[in-house]
Amino acid sequence: PDGMRPTPRAGNRAAAALRQIQAIVRREAAFDPATTERTFTVSLPDSTEVLLGPRLLGYLRAEAPGIRLLLRSVDRTHILEELDADRVDLAIGFGFEGQTHHKQRLLYRDTYVCLFDAGQVGLVPPISLDDYLRFPHILTSLRETAHGVVDDALAKIGRARTLALTTPRFLVVPFLVRAAPVITTMHARLATYFADALGLTVSPAPVPLEEVAVSMLWHASYDDDPAHRWLRQVLVRLAGEAAEAERL
């Protein structure tokens, strides 16, 4: 009674064919950010949304009021499928492993630091490894598993930490840190923002951790789409301006 339904693979092929037709039409059309009407669906973690969202919104309202954003949480497990099915125009995050028909560009690099309430834990930076491990930790895991890069780094030196709570959301973490004598390890730019806003303390991580690269990922069929290319260029510029402002 429901008739024939396309398989997911067939659906992706149909989406790709439609996307190619749309790309040809858009390349032929003149693009003016001041007058273009278009909605972009962007998947990204809330950490990047906090750092770039306000700048991006302000820029769009001033320079491209017809460009609208539909922001969604990034799901690294299914993001390639969502890009291929044209459900997402652009993904922002870290740890992406695209295929040959995906394009990727670095947006910014970041390091890891510790964030805590100095009054709760009685520590001043820089904290030692023993002090770091003396308190329970808050872990943010987009994969929703109770294991992160810190645990891998500690295992290499024969140490381990105690996790008090694991969450997939970055924005709740500073409020958890303010509520109890705990420590979290997060990206430095976000930690500095939270420390300034909420009176928390930042300290270098007492265990070696690699830099994190935050990148944009998109389907190759949008590579020459004028509006899509313009949005990517705007994001790169705003990310650079944000980094420069933080250094001042």
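Cβ crowding within 10 Å, taken as a proxy for footprinting-reagent exposure, orders Ser73, Ser215 from fewest neighbours to most as Ser73, Ser215. GluC sites (Glu not before Pro), restricted to the range 170-248: which are DSSP loop and have at most 13 other Cβ atoms within 10 Å? In loop regions of the range 170-248 (DSSP not H, G, I, E or B), the sparsely surrounded GluC sites (Glu not before Pro) are Glu210, Glu211. Ranking Ala160, Pro126, Val177 by how far each Cα lies toward the positive end of the dipole of the range 112-204 (charges on Cβ) leaves Ala160 at the top.
Given the chain, what percent of its DSSP beta bridges are antiparallel, to the nearest 5? Could the numbers behind the result be given before it?
Details: 20 of 35 bridges.
So the antiparallel bridges in the chain amount to around 55 percent.
Evaluated with a Cβ-only charge set (Lys, Arg +1; Asp, Glu -1), the range 112-204 carries a dipole of roughly 120 debye about its Cα centre, given to the nearest 20.
Calculated FRET efficiency, Ala160 to Asp196, Cβ-Cβ distance, R0 = 30 Å: about 0.45 to the nearest 0.05. Spread over its residues, the convex hull of the C-alpha atoms of the chain is 164 Å³ per residue.
Compare Ile183, Ile127, Ile79 in a GNM of the chain, Cα atoms joined below 10 Å, and give the one with the largest fluctuation. Result: Ile127 has the largest fluctuation of those listed.
Sorted largest first, the principal axis extents computed over the alpha-carbon atoms of the range 112-204 equal 33, 28, 22 Å.
Laboratory data are not the source of any read-out in this text; all were calculated from the coordinates shown. None of the values given here were measured: they were computed from a predicted structure. All Cβ positions, even for glycine, are placed from backbone atoms using ideal geometry, and neighbour counts span all protein chains on display.
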